[in-house]
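Data block below; observations after.
The values are calculated or read from the model by the stated rules, or taken from the named source; none is laboratory data. None of these values were measured; they are calculated from a predicted model. Counting neighbours? That spans all protein chains shown, and the Cβs are built from the backbone with ideal geometry, glycine included. For the accessible areas, the whole protein counts, side chains as well, though only heavy atoms, and no ligand, DNA or RNA atoms are used. Shrake-Rupley method; radii C 1.70, N 1.55, O 1.52, S 1.80 Å.
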Amino acid sequence: MINCGYYLQLSEVKKNIETVQGADVYPAAQQMLIHQGKVLRDATTLEENKVAENTFIVIMLSKVKFSSLF
């Protein structure tokens, strides 16, 4: 469980997750946060997305895109 302020933008929440869980496990740049089936935008807050205390947010990681060297 990670505690976050209700007023924080989701980009800040992602950085908190990265700090607590480790950048090698949950890099902020790859995180997609989902609440009640909706992908949450970085520029919004937990409050704006009506994320209540003691509810769950799903964290998915996007794939890393590698550029071709050949």
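Count of segment 28-40 residues, restricted to those that are without any contact (Cβ under 8 Å) to a residue 24 or more places away in the chain and assigned to a loop (DSSP other than H, G, I, E, B), is 2. A Cβ distance below 8 Å, combined with a sequence gap of six or more or placement on separate chains, defines the contacts here; from segment 1-19, residues that are free of Cβ contacts under 8 Å to residues at least 60 places away in the same chain and acidic (Asp, Glu) reach residues that are surrounded by 12 or more Cβ atoms within 10 Å (Cβ to Cβ) and outside any helix (DSSP H, G or I) in the pairs Glu12/Cys4; Glu18/Tyr26; Glu18/Pro27; Glu18/Gln31.
When the residues of segment 1-22 are filtered to those that are aliphatic (A, V, I, L, M) and open to solvent by less than 60 Å² (accessible area, probe 1.4 Å), the one that is modelled with the lowest pLDDT is Ile2.
Looking across segment 14-27, the residues that are part of a helix (DSSP H, G or I) and within 13 Å of Met60 (Cβ to Cβ) come down to Lys14, Ile17.
Pull up segment 24-70, narrow it to residues that are modelled with pLDDT of 90 or more and polar (S, T, N, Q), then point me to the one that is surrounded by the fewest Cβ atoms within 10 Å (Cβ to Cβ). For segment 24-70, the residue satisfying everything is Ser62.
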